[in-house]
Structure formats: structure tokens, C-alpha cells
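To keep things clear, I will list the structure first and then write my remarks on it.
The values are calculated or read from the model by the stated rules, or taken from the named source; none is laboratory data. Everything quoted here is computed from the prediction, not taken from an experiment. Note that each Cβ is placed from the backbone with ideal geometry, even for glycine, and that neighbours are counted across all protein chains shown. Keep in mind that these areas ignore ligands, DNA and RNA; they rest on the heavy atoms of the full protein, side chains included. Shrake-Rupley method; radii C 1.70, N 1.55, O 1.52, S 1.80 Å.
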Amino acid sequence: MASPTLTAMTTDQSPAERVSTVVDGVVVLGALSPSRAGDFMTCPLLYRYRTIDKLPEPPSPDAVRGTVVHKVLEVLFDLPAAQRTPEQARELLVPAWAELLEVAPELAEMFASDPGEGPDLATWMTSCRSVLDRYFTLEDPRLLEPAERELYVETLLESRLLLRGFIDRVDIAPDGAIRVVDYKTGRSPGEMFEGKALFQMKFYALVLWRTRGVLPAMLQLVYLGNGEMVRYVPDEQDLLATERKVEAVWHAIRRAEESGDWRPSPSKLCAWCAHQAICPAYGGTPPPLPVRQPTTAPTG
Ligand code: SF4
């Protein structure tokens, strides 16, 4: 099940994350990542705003904490095993934040200069340290040698849909068993939302299975917000069902794209949505769809 070689880079072109990529002479009809598929499953209108309209969303301290902590955990494994300590992880925090600010200086504006007026940087840094400290209650990185970190993966399904994404960490045991690891800086979700996190993990497992020919032995979600670990052992039927689900989502996206019917699907997650003001479920009016640019991408 070796993955074919890409002959051109893909882009985040919308709609349906369609790309004009050719893979080993086969024209790719579209591309999907677990986060974009998750957006559509959560709310088709949210998918539209993020992927087609590409509307900006204000950064949140929680999301940026996730980015910085992921960076620290990635760099931590560059160090010799004996140096992978909580103290060292704390040391890496400030450079990781500084590196992020260099790329996106506007993130500094998330924090109020007067602590009474909003989140302040010192409190946020303390929360980052707590999250990192909690990591060490779940794993001892001195005993781990990850095979991959921040691994970009992709595979082309027979339907010519390209699946792609980034995996936080891949561990490979001496017997070849693969463990897929994802860090979540929030708390472990209730049953209602656990399926969403597992869908993402099964998506990655499917891509690895298709590209390496080995069914991952373990999917592991590390919740740093409350120090819980969720482990799941996938089987072939699971991953085949995930493949069918991903295909179904992609077809639903394409139908929405053809009909222009991007319905809102209100849920508890609306509380975190940056687009309530232009959501019909909250009395708003969506902006006109962007004019589609001429493209060489196939439409079928
Ligand atoms: S507010 Fe809720 S229903 Fe509206 S776009 Fe956002 S997620 Fe969808």
C-alpha cells in the first residue's frame, strides 16, 4: 500500500479543499484534512467560513497555548534523553513563545497591559508551565525515542481524494508496532466530543496504514489540560469505516458547494465560534460567497 509520489505541492484551495495536483499521473479531485472534515461535521457553515471565505478568527490564549506547548514538546525530543526534564521544558517555553511572536507579532495583543482588563501574559505563561508540568505526570520522555514528530502524512484514495495532515508524534516499537500520539492542551472531552478526537486519530491511522502497509497498533490522546490519557486500539474494520466516512463527508462538501447550501448546525460549540455575528442561527446574515477564481482544477 505504498503511497504514490506527489508530483506537485497541494494547497488549501477551496472549495472542498480542491487541488490541481497530479499524483503519479492521476489528477487529484480534492484534499481533506481531519480538521477541515471535523469543521464540516460540526457545522457546514463553519466549514464554509473557514475554508471558502477564509475569514480571519481572532487568536485565543487557549489556542496559542496549544501551539507553544506543542513546539516545546517537539523541541524537547531534540535534546539528549537525560535532559528531557520538567525544568528543561520550562526553559524552552520562553524561546518557543518568542519564536511564535516573530512570525505573528499581533499575538502580543491578546494580552492586556492592565491585568484587570483581560488575560495577562504572566498568568498565561504560568498556565503554559502547568500544562507542561502535567505532561511529565503522564509520560517520561527520557524513556522515549519517537520515530517521528510533527510528521506530515498524505495518501491518495482510489476515489482520488487526497487525505493529509500532521501527526504530533509517531512511536515505533522494536517489533515494528506503530503508536500514533496526539497532544491536546485542553481537558479530555465528555463522551459527546470524544468521538471527534478519535475520528482525527483514526484518520491519521488510515493514512499511515495506506502509506506504510502497517495497521497502527495504538492511538493515544494525551490530554494535558487534566492529565488524562485516552488509548484506542484500531482494527481494519474501524479504519475502513473511517475511510467510508471521510468519503461521505467529502461528497457532502461537494454537494454543498454545488448547491450553495451551507447550513448552520448550532451546538454547544457555537460558544467558541468567531462567526456568530454573521450566522443565521443567531440572527446574522452570511456575506455573499466569494467569486470563484478561474482554476485549472477539475470539477468532477
Ligand atoms: S455559530 Fe454555530 S451554527 Fe453558526 S457558524 Fe458558528 S458553529 Fe455554525
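Here is how the numbers come out for the structure above:
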{"item": "Count of residues meeting criterion [within 6 Å of the ligand (Cβ to nearest atom) and either touching a Leu at 6+ places or on another chain (Cβ under 9 Å) or acidic (Asp, Glu) (or both)] in segment 274-283", "result": "3"}
{"item": "Residue count for segment 187-216, restricted to those that are open to solvent by less than 40 Å² (accessible area, probe 1.4 Å) and not in a helix (DSSP H, G or I)", "result": "3"}
{"item": "Residue tally, condition under 12 Å from MET218 (Cβ atoms) and part of a strand (DSSP E or B), over segment 170-186", "result": "8"}
{"item": "Filter result for VAL230 (modelled with pLDDT under 95, part of a strand (DSSP E or B), crowded, with 16+ Cβ neighbours inside 10 Å and away from the ligand (no atom under 12 Å from the Cβ))", "result": "yes"}
{"item": "Count - residues of segment 151-164 that are at positive phi and either at pLDDT 95 or above or in a helix (DSSP H, G or I) (or both)", "result": "0"}
{"item": "Filter result for ALA241 (of a type outside the set (Val, Ile, Thr), within 16 Å of the ligand (Cβ to nearest atom) and either open to solvent by less than 60 Å² (accessible area, probe 1.4 Å) or within 18 Å of ARG36 (Cα to Cα) (or both))", "result": "no"}
{"item": "Residue in segment 252-273 that is more than 15 Å from LEU45 (Cα to Cα) and more than 16 Å from the ligand (Cβ to nearest atom) present", "result": "no"}
